[in-house]
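Student: Next up is a structure, given as structure tokens.
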Amino acid sequence: MTAFVLALVGAYGVHLLYTAAAMRGSGAVTVERRSSRPTVGGLSDWLAQAGLDDVRPQEFFAVMGVLFVLGAALAFAVFGAVVPALFLGAFAASFPVASYRARRRARRELAQESWPRMLEEIRILTGSLGRSVPQALFDVGARGPAEMRPAFAAAHREWLISTDFHRTVRVLKARLADPTADATCETLLVAHELGGTDLGRRLEALIEDRVQDVQGRKDARAKQAGARFARRFVLIVPLGMALAGMSVGNGRAAYQAPAGQLAVAIGLAVVVLCWLWAGSIMRIPEEQRVFAE
């Protein structure tokens, strides 16, 4: 019966992952859903920053639940104890969160490095070449990083349908969920609606600010490289010691005893606390969205 339940839960997890991947490929339906109800803040906003804006929070939590069950079942089969199974099940459930954080961090770093160049192209197109603000935005977005192009394509479709630049930038801001994108969209929106000749000056100031921010973050990450590498041993070393202990004498039976389960729980709790504490110390402050709707 237990094997049947685990197989059923695993099959449902595979279904959720396949559905998320399939829905991410259907651009037209997704754009309509996201553009009609843009979300800012919370898990939906974070998923958008990771490029998973088509994944619903319910699906995300369901995958975490499936991994918890599978991780707990595997740990129980190895240790034969409930407490280690619960801890390792929770650890397995954190895999989507860790993967999301890594993907989100990579996308935000890419956006931070790409926006100065994109802003410079927008400044040239709207100034020297006389392009309209929307056309310059879409042209630059089409040549931007591959991870950002779907958001610009969705905004372009909204512009072709409605010719409402305010709604267009709302779609772009919701899909990118990036502070620099918010500031850029608001600057271009004001220039498009009110006109004026100082758009180039405003973009130059924004470019200078973005370049300084990117350089500062690069310097901070370079100084933390060694500490971040050492932080990984917080997970690797205790896990290796636990596996080695199982092969010495009656190691597996010791894990099943109440005292052994308590020792495992305390050890895992210390590892988690050290990991979180080290991460909080090395966390680089993120720029907050101030023009989110």
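The values are calculated or read from the model by the stated rules, or taken from the named source; none is laboratory data. The model shown is predicted, which means the values in this text are computed figures rather than measured ones. For neighbour counting, all protein chains shown are included, and Cβ atoms are generated from backbone atoms with ideal geometry for every residue, glycine included.
Student: Looking only at segment 89-104, decide whether some residue is more than 30 Å from Ala75 (Cβ to Cβ) and among the aromatic types (Phe, Trp, Tyr). I'd like the intermediate steps shown before the answer.
Tutor: Of the residues in segment 89-104, the ones more than 30 Å from Ala75 (Cβ to Cβ) are none.
For segment 89-104, residues more than 30 Å from Ala75 (Cβ to Cβ) and among the aromatic types (Phe, Trp, Tyr): absent.
Student: Further, regarding this structure: Restricting to segment 119-137, what's the tally of residues that are acidic (Asp, Glu) and more than 21 Å from Pro150 (Cβ to Cβ)? It would help to see each step written out before you state the result.
Tutor: So in segment 119-137, the residues acidic (Asp, Glu) come out as 120-121.
Cutting the leftovers down to more than 21 Å from Pro150 (Cβ to Cβ) gives us 120.
Count: 1.
Student: Just to verify a result, which residue in segment 190-229, among those that are without any contact (Cβ under 8 Å) to a residue 40 or more places away in the chain and hydrophobic (A, V, I, L, M, F, W, C), is farthest from Arg170 (Cα to Cα)? Even if it seems obvious, please write down each step before you answer.
Tutor: Step one: list which residues in segment 190-229 are without any contact (Cβ under 8 Å) to a residue 40 or more places away in the chain, which gives 190, 193-198, 201-202, 205, 208-209, 212, 215-216, 218-219, 222-223, 225-226, 229.
Keeping just the survivors that are hydrophobic (A, V, I, L, M, F, W, C) gives 190, 194, 205, 222, 225, 229.
On the way: Val190: 13, Leu194: 18, Ala205: 23, Ala222: 35, Ala225: 37, Phe229: 39 Å.
Result: Phe229.
Student: I need every pair where a residue in segment 144-161 that is without any contact (Cβ under 8 Å) to a residue 12 or more places away in the chain has its Cβ under 8 Å from the Cβ of a residue that is surrounded by fewer than 15 Cβ atoms within 10 Å (Cβ to Cβ) and assigned to a helix (DSSP H, G or I), sequence separation at least 6 or different chains.
Tutor: From segment 144-161, the pairs are Arg149/Ala142.
Student: Here's another thing I want to ask about it. Taking helices (runs of 4 or more DSSP H) that fall entirely within segment 135-215, which contain at least 1 residues that are in contact with a Leu (Cβ under 8 Å, 6 or more places away or on another chain), among the hydrophobic types (A, V, I, L, M, F, W, C) and at pLDDT below 85?
Tutor: On the way: elements: 149-162, 165-176, 179-194.
Result: 179-194.
Student: Could you say which residue among Val40, Val83, Val63, Val69 is assigned to a helix (DSSP H, G or I), at pLDDT below 75 and at negative phi? Can you show your working first?
Tutor: Values: Val40 fails: assigned to a helix (DSSP H, G or I); Val63 fails: at pLDDT below 75; Val69 fails: at pLDDT below 75.
Of Val40, Val83, Val63, Val69, the one residue that is assigned to a helix (DSSP H, G or I), at pLDDT below 75 and at negative phi is Val83.
Student: Is it the case, given these coordinates, that Ala98 is assigned to a helix (DSSP H, G or I), surrounded by fewer than 19 Cβ atoms within 10 Å (Cβ to Cβ) and hydrophobic (A, V, I, L, M, F, W, C)? Write out each step before concluding.
Tutor: On the way: assigned to a helix (DSSP H, G or I): yes; surrounded by fewer than 19 Cβ atoms within 10 Å (Cβ to Cβ): yes; hydrophobic (A, V, I, L, M, F, W, C): yes.
It is true that Ala98 is assigned to a helix (DSSP H, G or I), surrounded by fewer than 19 Cβ atoms within 10 Å (Cβ to Cβ) and hydrophobic (A, V, I, L, M, F, W, C).
Student: Would you check which residues across segment 126-154 are within 18 Å of Ala177 (Cβ to Cβ) and either among the acidic types (Asp, Glu) or over 21 Å from the mean Cα position of the chain (by Cα) (or both) and list them? Don't jump to the end; show me each part of the working.
Tutor: Restricting attention to segment 126-154, the residues satisfying the condition of being within 18 Å of Ala177 (Cβ to Cβ) are 137, 141, 144-154.
Correct list: Leu137, Glu147.
Student: Quick check, is Val248 in contact with a Pro (Cβ under 6 Å, 6 or more places away or on another chain), over 30 Å from Thr168 (Cβ atoms) and either loosely packed, with under 11 Cβ neighbours inside 10 Å or at pLDDT below 80 (or both)? Show your work before the answer.
Tutor: Numbers: in contact with a Pro (Cβ under 6 Å, 6 or more places away or on another chain): no; over 30 Å from Thr168 (Cβ atoms): yes; either loosely packed, with under 11 Cβ neighbours inside 10 Å or at pLDDT below 80 (or both): yes.
Taking the combined requirement at face value, the residue does not satisfy it.
Student: Tell me, which residue of segment 257-279 that is surrounded by 15 or more Cβ atoms within 10 Å (Cβ to Cβ) and touching a helix residue (DSSP H, G or I) at 6+ places or on another chain (Cβ under 6 Å) is nearest to Ala227 (Cα to Cα)?
Tutor: The qualifying residue nearest to Ala227 (Cα to Cα) is Ala278.
Student: Let me ask something else about it. Conditions: (1) under 27 Å from Asp178 (Cα atoms); (2) not in a loop (DSSP other than H, G, I, E, B). Ala75 meets all but one. Number of the miss?
Tutor: Tallying (1) under 27 Å from Asp178 (Cα atoms); (2) not in a loop (DSSP other than H, G, I, E, B), Ala75 fails exactly one: (1).
Student: Could you list all residues from segment 179-201 that are more than 26 Å from the chain's Cα centre (by Cα), of a type outside the set (A, V, I, L, M) and surrounded by fewer than 18 Cβ atoms within 10 Å (Cβ to Cβ)?
Tutor: Glu193, Gly195, Gly196, Thr197, Asp198, Gly200, Arg201, listed by residue number.
Student: Could you list, in sequence order, all residues of segment 122-153 that are surrounded by fewer than 17 Cβ atoms within 10 Å (Cβ to Cβ) and in contact with an Asp or Glu (Cβ under 8 Å, 6 or more places away or on another chain)?
Tutor: Arg143
Student: Given the structure, is Phe229 aromatic (Phe, Trp, Tyr), surrounded by 10 or more Cβ atoms within 10 Å (Cβ to Cβ) and more than 21 Å from Ala183 (Cβ to Cβ)? Can you show your working first?
Tutor: Details: aromatic (Phe, Trp, Tyr): yes; surrounded by 10 or more Cβ atoms within 10 Å (Cβ to Cβ): no; more than 21 Å from Ala183 (Cβ to Cβ): yes.
No: the conditions fail for Phe229.
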